[in-house]
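Here the structure is laid out as C-alpha cells; the discussion comes afterwards.
The values are calculated or read from the model by the stated rules, or taken from the named source; none is laboratory data. It should be emphasised that the depicted structure is a prediction, and the values quoted were computed from it without experimental measurement. Cβ atoms come from the backbone with ideal geometry, glycine included; neighbour counts cover every protein chain shown.
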Amino acid sequence: MTLSANDPALKSWIPVPPNCDFPIQNLPYGVFRRRRGDAAIGVAIGEMVFDLSVAHRAGLFAGTAIAGENVFARDALNDFMAKGRSVWAEVRNRISALLREDHGELRDNGELRAQALLPQAEAEMMLPARIGNYTDFYSSKEHATNVGAMFRDPENALLPNWVHIPVGYHGRASSIIVSGVDIHRPKGQTKPDDAAAPVFGPSRLLDFELEVGFFTGPGNDLGTCISTAQAAEHIFGMVLVNDWSARDIQKWEYVPLGPFLGKSFATSISPWVVTLDALEPFRTSGPSQDPPVLPYLQFDGEWAYDLNLEVLLATETMPEPVRLTRTNFRHMYWNILQQLAHQTINGTNVQPGDLYASGTVSGAAEDSRGSMLELSWKGTKPIKLPNGQERKFLQDGDSVIMRGYCQGEGYRVGFGEVRARILQAID
Ligand code: CA
C-alpha cells in the first residue's frame with residue numbers, strides 16, 4: 001500500500017486556508033446533495049466539495065479498479081466501503097494526484113472544473129452511509145471511572161470486567177442523524193430519588209457524549225471472526241459522534257439489561273468520513289494495558305490516534321460558542337482493533353457501513369471530560385458560562401458543537417464538526 005497522498009509537502013491548486021480541516025492530505029468522503037440535485041459522493045478539499053460522481057463520469061478514474069462502476073453516483077458510501085483497502089488507497093492516490101498543484105488534468109479543464117467543484121456552503125450534507133448496525137463502546141478508563149465513582153463506589157469505580165473486555169452495547173442505527181439536524185428533548189419514565197414511584201415527562205438531565213466512531217468496510221461471514229491483525233483491513237474511516245444521553249431516563253431503566261430509551265432517541269455524527277489512510281501519520285501509542293489482555297485482544301503496533309477533540313456550547317442568549325472541554329483521543333484504553341476483534345469474536349457478522357463508537361472520550365483533567373454528567377459532576381458543580389448563566393445539563397435552545405483534528409507539520413487533518421440544537425419536547 002502506497003500512501004503518497006499523505007506527503008506533508010503536497011499542495012493543491014484549490015486554495016486551502018491556514019488551519020483548514022481539509023487540506024490535500026485529508027480528502028475525507030461525504031454524501032451531499034446540490035440544490036435541485038441528486039445525492040452524490042464527494043471529498044472535501046479546502047472550502048470546496050469535489051464531486052466524484054462527475055469526475056467518474058468524465059473518465060477521471062479510467063484505469064483504476066472502480067473504472068467500470070460509478071460507485072460515487074450513490075446516496076451512501078456503502079458500495080465504496082465494501083471495496084476494501086487496496087481499492088481505497090488506489091482511489092485516494094488518484095484523487096490526490098488530480099488535485100495537486102502541478103497536475104493540470106482537472107485544473108486546466110474549466111468546463112469540467114465548474115461541474116465537479118462546488119462550495120461546501122452549497123452542499124447539503126447527508127448521512128455518509130446506510131448504517132445497518134451501531135455499536136457503542138465504553139473504552140475510556142477515565143470516563144468509566146468517573147461514572148463508576150458517581151453512581152457506585154469511588155473505591156471500586158471500575159467493575160471487574162472492564163479491564164478485560166472492551167465493554168459495549170448495541171445501539172439504535174435508525175436514529176443516527178447527520179450534523180445540523182436538530183433533536184427534540186426526549187420524554188420518558190424517570191424516578192426522582194425522593195419519589196416513591198416513577199413519573200413521566202421530558203428528560204431533565206439531557207447530556208452529550210463526546211465520541212469518535214469508525215465505519216467498517218468489508219464485512220465477515222456469520223460464524224467467522226476478525227482478528228486484531230486483520231481489523232485495519234475492515235475499517236474505512238472515522239467520524240465524530242455525539243452520543244446523546246438522557247441521564248434520568250437511563251438511570252431508571254438500565255438495570256439489568258443496560259442502555260435503552262435513554263440513548264436511542266438520537267445519535268449525531270459528522271458528515272465527512274476521514275479515512276484510516278489519512279489518519280495513518282497520527283497513530284501513536286495508547287495507555288499500557290494492565291492486567292494483560294487475553295490473546296484475542298493482543299495486537300501489534302501503535303493504534304491510538306493523536307486526535308485533538310473539543311466540545312463547544314452555544315445557547316439562545318449566548319450565540320457565540322464557548323468551549324466546555326478539550327481532550328485527546330489518544331488516551332482511550334481500548335483501541336479500534338480490539339473493539340472490532342471483540343465485536344466479532346463470537347462469530348457475529350460485520351457489514352460495510354456499520355458504525356462503532358468509542359464511548360465517551362474523557363481525559364484525566366477536570367476540563368477534559370467528555371460529558372456534562374462529568375463536567376458538572378452529576379449536577380453538583382454547575383458549569384459557569386461567560387454570560388453569567390450556568391449549566392448542569394443541557395437546556396432547550398442549546399447547541400452542542402464537537403470538533404476534532406490531527407495536527408501535522410504545516411497542515412491538519414480535521415473532521416469538521418458535528419452540531420445539533422436541542423428543541424423542546426414534542427407535546
Ligand atoms: Ca456512549
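Couple of notes before you dig in:
- Qualifying residue in segment 284-304 (condition: touching a residue at least 40 places away in the same chain (Cβ under 8 Å), under 22 Å from Ile269 (Cα atoms) and aliphatic (A, V, I, L, M)): no
- Any hit, segment 188-211, residues being surrounded by fewer than 23 Cβ atoms within 10 Å (Cβ to Cβ), under 24 Å from the mean Cα position of the chain (by Cα) and either small (Gly, Ala, Ser) or not assigned by TED's automatic domain parsing to the domain that holds Gly404 (or both): no
- Breaking point among (1) farther than 29 Å from Ala149 by Cα; (2) under 15 Å from the mean Cα position of the chain (by Cα); (3) not hydrophobic (A, V, I, L, M, F, W, C); (4) not in a loop (DSSP other than H, G, I, E, B), for Pro319: (2)
- The residues of segment 232-250 that are within 16 Å of the ligand (Cβ to nearest atom), of a type in the set (Val, Ile, Thr) and either surrounded by fewer than 24 Cβ atoms within 10 Å (Cβ to Cβ) or under 30 Å from Gly301 (Cα atoms) (or both), listed by number, are Val239, Val241.
- As a summary of the residue check, Glu142 satisfies the conditions (1) crowded, with 17+ Cβ neighbours inside 10 Å; (2) more than 28 Å from Gly379 (Cβ to Cβ) except for the one numbered (2).
- Any hit, segment 327-342, residues being out of contact with any Asp or Glu (no Cβ under 6 Å at 6 or more places or on another chain), assigned by TED's automatic domain parsing to the domain that holds Ala232 and in a strand (DSSP E or B): yes
- Going through (1) among the aliphatic types (A, V, I, L, M); (2) more than 16 Å from the chain's Cα centre (by Cα); (3) crowded, with 18+ Cβ neighbours inside 10 Å one by one, Val255 falls short only on (3).
- Looking across segment 350-398, the residues that are within 24 Å of the chain's Cα centre (by Cα), among the aliphatic types (A, V, I, L, M) and closer than 27 Å to Pro202 by Cα come down to Ala357, Val361, Met372, Leu373, Leu375, Leu394.
- Restricting segment 1-39 to residues that are in a loop (DSSP other than H, G, I, E, B) and of a type in the set (Phe, Trp, Tyr) leaves a set whose member that is surrounded by the most Cβ atoms within 10 Å (Cβ to Cβ) is Phe22.
- Test: residue in segment 150-169 that is under 26 Å from Lys378 (Cα atoms), out of contact with any Gly (no Cβ under 9 Å at 6 or more places or on another chain), among the charged types (D, E, K, R) and surrounded by 13 or more Cβ atoms within 10 Å (Cβ to Cβ): no
- Counting only strands (runs of 3 or more DSSP E) that sit wholly inside segment 143-231, those with at least 1 residues that are among the β-branched types (Val, Ile, Thr), modelled with pLDDT of 95 or more and more than 16 Å from the ligand (Cβ to nearest atom) are 176-178, 187-190, 199-202, 210-216.
- Count of segment 115-137 residues which are touching a helix residue (DSSP H, G or I) at 6+ places or on another chain (Cβ under 8 Å) and away from the ligand (no atom under 16 Å from the Cβ): 4
- Qualifying positions in segment 82-92 - surrounded by 19 or more Cβ atoms within 10 Å (Cβ to Cβ), more than 12 Å from Leu276 (Cα to Cα) and not aliphatic (A, V, I, L, M): Lys83
- Answer from Gly359, Gly347, Gly363 - the residue that is in contact (Cβ under 8 Å) with a residue 12 or more places away in the chain and either over 17 Å from Glu211 (Cα atoms) or among the hydroxyl-bearing types (Ser, Thr, Tyr) (or both): Gly347
- Close pairs (7 angstrom Cβ cut-off, 6 or more residues apart or separate chains): farther than 27 Å from Ile401 by Cα in segment 244-260, among the hydrophobic types (A, V, I, L, M, F, W, C) anywhere: Glu253/Phe260; Glu253/Leu261
- Within the set Asp367, Asp300, Asp306, the sole residue that is among the charged types (D, E, K, R) and either crowded, with 18+ Cβ neighbours inside 10 Å or in contact with a helix residue (DSSP H, G or I) (Cβ under 6 Å, 6 or more places away or on another chain) (or both) turns out to be Asp306.
Every residue, every condition in (1) over 26 Å from the mean Cα position of the chain (by Cα); (2) within 26 Å of Asp7 (Cβ to Cβ), yes or no:
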position	(1), (2)
Ala82	no, no
Trp88	no, yes
Arg94	no, yes
Gly104	yes, yes
Asn109	yes, yes
Gln115	yes, no
Gln120	no, yes
Glu124	no, no
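- Residues satisfying the stated conditions in segment 251-310, i.e. part of a helix (DSSP H, G or I) and within 16 Å of the ligand (Cβ to nearest atom): Lys251, Glu253
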